[in-house]
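Below is one structure, written out as structure tokens; comments come after it.
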Amino acid sequence: CMYRLILCRQMTDLIFTERELVQSLKEYIEAEEMKLEAVKSWANKLDMLTHASTSDPEGFLAHPVNAYKLMKRLNTEWSELESLVLQDPSDGFISNMSVHRQYFPDEEDEKGAAKALMRLQDTYKLDSESFSKGKLPGVRYNAELTVDDCFDMGKLAYNEIDYYHSVLWMQQALRQMDLGEDAKTAKADILDYLSYSVYQMGDLPRAIELTRRLVAIDPSHQRAGANLHYFEQLLSKELRARGRSQQEPADERPIQLDTYERPKDYLPEREVYEALCRGEGVKMTQKRRSRLFCRYQDGNRSPRLLLKPMKEEDEWDSPHIVRFLEALSDEEIEKIKELAKPNLARATVRDPKTGVLTVAHYRVSKSAWLEGEDDPVIARVNQRIEDITGLSVDTAELLQVANYGVGGQYEPHYDFSRKDEPDAFKSLGTGNRVATFLNYMSDVEAGGATVFPDIGAAIWPRKGTAVFWYNLFKSGEGDYRTRHAACPVLVGSKWVSNKWIHERGQEFRRPCGLTEVD
């Protein structure tokens with residue numbers, strides 16, 4: 001009987017154990033169903049998104065927010081989905097992920113896309129809300145940033161010790177959260193980054209106000225309490241030094257682009273350059289405009305231009321910059337892009353000291369080089385450039401095709417080598433770059449102008465046209481007025497092709513001048 005009592009008790013325990021197992025099984029099923037619903041939600045959202053993006057890839061990616069969020073999805077969010085699925089491994093999905101992962105953008109790509117948004121924000125004076133709500137000129141697709149997106153932007157800037165942009169994006173994240181938007185990010189985390197970034201920008205009263213908000217939300221936040229004490233002591237010390245005893249109230253206005261002064265950087269003409277990119281500060285006076293004309297150009301009676309002369313327009317008087325209309329047909333443009341796309345790689349610049357080509361943060365684009373032997377179209381374009389300019393292209397560089405995507409730019413630079421970099425083109429053996437011939441192979445919805453900060457000129461892309469200028473005077477001296485830049489592309493995708501013509505071979509086509517500035 002005692003044995004049976006023990007057995008009964010063991011069986012009773014097993015009954016309760018089974019009940020616990022059933023409950024655990026239900027919880028497992030619920031968790032699996034929640035996981036499946038989450039995956040379904042992902043699939044439905046991405047199905048709609050990819051349907052829109054694949055129907056017009058270039059148009060979709062023309063919006064810089066779409067480009068940034070694509071980087072973020074593939075670098076961060078798809079990894080989260082992978083982790084979710086790995087809880088109950090799905091061999092088909094994982095193997096597919098493994099095959100495609102080698103082509104996914106990495107952390108540096110996501111960081112680069114975020115920096116591109118900040119670069120556009122600065123250049124075109126767009127506040128964070130304009131990007132967050134997709135309020136950009138010329139856009140065809142609506143794209144918005146969530147609280148979490150804004151927080152990630154601000155966190156990236158913070159980690160780069162860029163407190164100016166960290167403030168702007170953390171403030172935007174906080175603004176959207178205060179308006180009721182749901183987010184994975186905690187408000188305390190936003191306030192933590194924002195308050196310290198504001199302090200780094202020198203705004204102690206506002207840093208104290210934000211830190212007090214943080215302490216109110218999370219009284220146990222150790223760093224916030226210590227920071228608040230430090231900020232208050234620092235402000236009291238500053239007030240005593242100024243002979244005051246009362247704290248100044250925090251500024252009630254929202255933090256915008258003009259709240260804090262943007263830190264200076266390495267580029268001396270930054271403000272002039274960016275103003276020209278926005279279409280401001282262009283020095284095209286009425287007197288100067290009166291000196292501009294249009295004409296038919298037959299290349300000094302070139303046989304290939306006699307029957308169909310090139311239409312030429314003056315863009316600037318001094319230095320003389322001209323635009324050629326119908327320089328490339330749509331068919332030629334598509335062929336050049338087709339030839340270039342398989343070879344596109346991050347564009348490089350020539351190190352002025354070593355002459356070696358290297359990537360640089362101030363040039364963000366992809367480029368490829370095409371030879372006349374690659375296709376009859378390239379040979380025909382090279383010949384056309386020679387006919388129009390009257391200069392030999394035998395010693396010119398190959399045709400460089402460049403694509404500027406989201407935030408793509410090339411900051412102010414000279415095409416020719418200066419006296420302090422005599423070896424820049426030494427390996428080519430063809431002398432300095434005497435002239436630049438630039439083909440525009442696409443229209444750009446917003447941004448992407450070619451600007452000359454020293455003279456206040458701005459030239460806007462027009463598909464099928466080309467612009468031309470001399471980098472050197474006839475004496476061989478560099479024309480420093482030709483320092484120019486490719487403005488960041490705000491909306492769209494900018495395609496160009498460059499032909500840099502060198503001195504060698506031009507001795508009789510462009511004879512030397514008698515003075516230094518002839």
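The values are calculated or read from the model by the stated rules, or taken from the named source; none is laboratory data. Just so it is clear, the structure is predicted and the values come from calculations on it, not from any experiment. All Cβ positions, glycine included, derive from the backbone under ideal geometry; neighbour counts span all protein chains shown. These area figures cover heavy atoms from the full protein model, side chains too; ligands, DNA and RNA do not enter into them. Shrake-Rupley method; radii C 1.70, N 1.55, O 1.52, S 1.80 Å.
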Residue hits (region 402-452; closer than 14 Å to Val489 by Cα, polar (S, T, N, Q) and either modelled with pLDDT of 95 or more or part of a loop (DSSP other than H, G, I, E, B) (or both)) are Ser442, Thr450
Quick one: what pairs do we get from region 496-518, first residue farther than 11 Å from Gly476 by Cβ, second of a type in the set (Gly, Ala, Ser) and not in a loop (DSSP other than H, G, I, E, B), C-beta under 6 Å, 6+ apart or different chains? Val496/Ala402; Ile501/Ala435
Which numbered condition trips up Lys237, out of (1) out of contact with any Asp or Glu (no Cβ under 8 Å at 6 or more places or on another chain); (2) charged (D, E, K, R); (3) at pLDDT 90 or above? (3)
Can you confirm whether Met48 is part of a helix (DSSP H, G or I), open to solvent by 20 Å² or more (accessible area, probe 1.4 Å), closer than 21 Å to Glu107 by Cβ and out of contact with any Ser or Thr (no Cβ under 7 Å at 6 or more places or on another chain)? no
Residue pairs, Cβ under 7 Å, 6 or more apart or interchain, first in region 228-239 and closer than 13 Å to Pro205 by Cβ, second open to solvent by 80 Å² or more (accessible area, probe 1.4 Å). List them. Leu228/Arg212; Leu239/Ser245
Selection within region 476-518 - closer than 21 Å to Asp394 by Cα and not in a strand (DSSP E or B): Gly476, Glu503, Arg504, Gly505, Gln506, Glu507, Phe508, Arg509, Arg510, Pro511, Cys512
Of the candidates Arg304, Arg291, the one satisfying the condition of being assigned to a helix (DSSP H, G or I) and basic (Lys, Arg) is Arg304
Apart from one, (1) surrounded by fewer than 16 Cβ atoms within 10 Å (Cβ to Cβ); (2) on the phi > 0 side of the Ramachandran plot; (3) touching a helix residue (DSSP H, G or I) at 6+ places or on another chain (Cβ under 6 Å) all hold for Asn300; the odd one out is (3)
Pick from region 468-518 the residues that are open to solvent by less than 10 Å² (accessible area, probe 1.4 Å) and hydroxyl-bearing (Ser, Thr, Tyr): which of them is nearest to Gln409 (Cα to Cα)? Ser497
